[in-house]
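Take a look at the structure below.
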Amino acid sequence: MDSLASTALPDLWDRLIGTQPDPDLWVVAATAVAALAVVVPHGLWRLSRNAITIAHEGGHGLVALLTGRTLTGIRLHSDTSGLTVSRGKPYGIGMILTAASGYTAPPLLGLGGAALLAAGRITLLLWAATALLVAMLVMIRNAYGALTVVLTGGTFLLVSWLAGSQVQAAFAYAVVWFLLLGGVRPAFELQAKRSRGGAGDSDADQLSRLTHVPAGLWLFLFHAVSLCSLIGGGRWLLGL
């Protein structure tokens, strides 16, 4: 038994930190088209946006912890909205970074994922995503949110353990494309809501009250981060 464990652990570690071959270019292109197909049509976006909300609220939660705030809970709702609650000073750099991390989290996660895939770290990407989802599950405070995170994390776990290398590669590329492409749309949706006089308590408006910088400039930042991440991440994924 000890011999088996001593053999299995190095193999597991090698699998985690090792590199995997890049998929063919047509697979990369096909996964980009597939991601675009679930981001652009309103009906499919209504469902797939739940995954972007997980990344959005996870970004709030992670930055809250990193800046010394106390994370008390995360809620994900069936209308694809979410709420992350943390305790700490209601002002200052920690609060500002926490508020700014929601809309920027999905594209930045996509950019980080693209960097890992460009380095051939497909397995590391899948396991890191699974670990983040498990950590997030601990802080979920409603049934719908728990179900959403469990189903998402379970999918990553099944693919990373049971699927072949080609399926893992296609799945990883599809996920990263989805984060990059899906990370662009929410900022435009927020802009449209604000133009109609809605979303008065949006992240951009909260940041405006915290910093006395116009909400429009924060919205511009969200656009800039998402579009630059899409361009940079896309170039990495396509090997340009």
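The values are calculated or read from the model by the stated rules, or taken from the named source; none is laboratory data. Treat the numbers as computed from the prediction; the structure is a model and nothing was measured. Glycine gets a Cβ as well: all are built from the backbone with ideal geometry, and neighbour counts include every protein chain shown. These area figures cover heavy atoms from the full protein model, side chains too; ligands, DNA and RNA do not enter into them. Shrake-Rupley method; radii C 1.70, N 1.55, O 1.52, S 1.80 Å.
Quick rundown of the values:
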item	result
Some residue of the range 180-195 being at pLDDT below 95, exposed (fewer than 14 other Cβ atoms within 10 Å of the Cβ) and not in a helix (DSSP H, G or I)	no
Meets criteria (among the hydroxyl-bearing types (Ser, Thr, Tyr), part of a helix (DSSP H, G or I) and open to solvent by 30 Å² or more (accessible area, probe 1.4 Å)) for THR130	no
Qualifying position, being in contact (Cβ under 8 Å) with a residue 24 or more places away in the chain, assigned to a helix (DSSP H, G or I) and under 18 Å from SER81 (Cβ atoms), among TYR144, TYR173	TYR144
Subset of the range 93-115 [open to solvent by 30 Å² or more (accessible area, probe 1.4 Å) and out of contact with any Asp or Glu (no Cβ under 8 Å at 6 or more places or on another chain)]	ILE93, MET95, ILE96, LEU97, LEU108, LEU109, LEU111, GLY112, ALA115
Options THR84, THR98; residue that is touching a strand residue (DSSP E or B) at 6+ places or on another chain (Cβ under 9 Å), part of a helix (DSSP H, G or I) and at pLDDT 95 or above	THR98
Pairs, first assigned to a loop (DSSP other than H, G, I, E, B) in the range 225-239, second open to solvent by 20 Å² or more (accessible area, probe 1.4 Å), C-beta under 8 Å, six or more apart	GLY239/ASP22; GLY239/LEU25; GLY239/ALA118
Candidate set: the range 56-75, residues that are within 14 Å of the chain's Cα centre (by Cα) and more than 15 Å from GLU189 (Cβ to Cβ); chosen: the one surrounded by the fewest Cβ atoms within 10 Å (Cβ to Cβ)	LEU62
Residue count, the range 116-127 (criterion: of a type in the set (Gly, Ala, Ser) and open to solvent by less than 20 Å² (accessible area, probe 1.4 Å))	1
